[in-house]
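One structure is given below, encoded as structure tokens.
Every number here is computed from the coordinates shown, using simple stated rules; none is lab data. It should be emphasised that the depicted structure is a prediction, and the values quoted were computed from it without experimental measurement. Note: ideal-geometry Cβ built from the backbone for every residue, glycine included; neighbour counts use all protein chains shown.
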Amino acid sequence: MEELYLENYRLYLFQIIDDDINGFYCDLPTTEPEKVSKYFDRKNLNPMPTRGIKFKYQSIKSMGLPVKIRIEKEDEFNLNSDQINSINDIERWLKDENNFYYTLSGFAGTGKTTSIRELIR
């Protein structure tokens, strides 16, 4: 389940699966809920620090001030072969207990952030 909340100029997206909550946010140029879908883009979401997600979610729900909004799902997009390869490399690295560091590099616009977001999903 996903819940979206607008608080001042920041949009929060919470993904709730059983007792786990993933949180993301993005800053918007508007505070009007009806205009949010014009500016909202899932590709621009930033992950929230793990330690503060549940607290922020509970505080937003308890305040009653932020407006819960609905945004249509984004169109699906296809990863290119380099992005798929980088996701596979990262998954192998995560399973390897002997390697402590992994570097993901590339020029601007090559899909590093998209690859990481897809890996998180």
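Of 5, 39, 101, the sequence from fewest to most neighbouring Cβ atoms within 10 angstrom is 101, 39, 5. Here the dipole of the range 2-69 is about 180 debye; that uses its Cα centre as origin and unit charges on the Cβ of Lys and Arg (positive) and Asp and Glu (negative). Taking other Cβ atoms within 10 Å as a rough exposure proxy, 13, 119 sort from fewest to most as 119, 13.
With the cut-off at under 11 Å, measuring from each backbone N in the range 28-43 to a point 7 Å along the Cα-to-Cβ line of residue 16 picks out no residue. A dipole drawn for the range 81-120 from +1 and -1 charges on Cβ atoms has a positive end, and of 114, 99, 83 the residue lying farthest that way is 114. Stretched out straight at 0.36 nm per residue, the stretch from residue 118 to residue 105 would grow longer than its current Cα-Cα span by 3.1 nm.
Taking 43, 56, 95 as the candidate residues, the one with maximal mean-square fluctuation in a Gaussian network model of the chain, Cα springs under 10 Å, is 95.
Candidate values (i) 16.3; (ii) 14.5; (iii) 18.1 were compared with Kirkwood radius over Cα pairs in Å computed on the shown model; the agreeing label is (i).
Taking other residues whose beta carbon is less than 10 angstrom from the beta carbon of residue 102, and scoring Lys, Arg as +1 and Asp, Glu as -1, yields -1. With contacts taken as Cα pairs under 8 Å and at least 6 residues apart, the chain reaches a relative contact order of 21 percent. Here the chain is assigned +1 on the Cβ of each Lys and Arg and -1 on the Cβ of each Asp and Glu. Its dipole about the Cα centre then comes out at about 380 debye. Distance between the pseudo-spin-label points of residue 61 and residue 90 (7 Å out from Cα toward the beta carbon): 2.8 nm.
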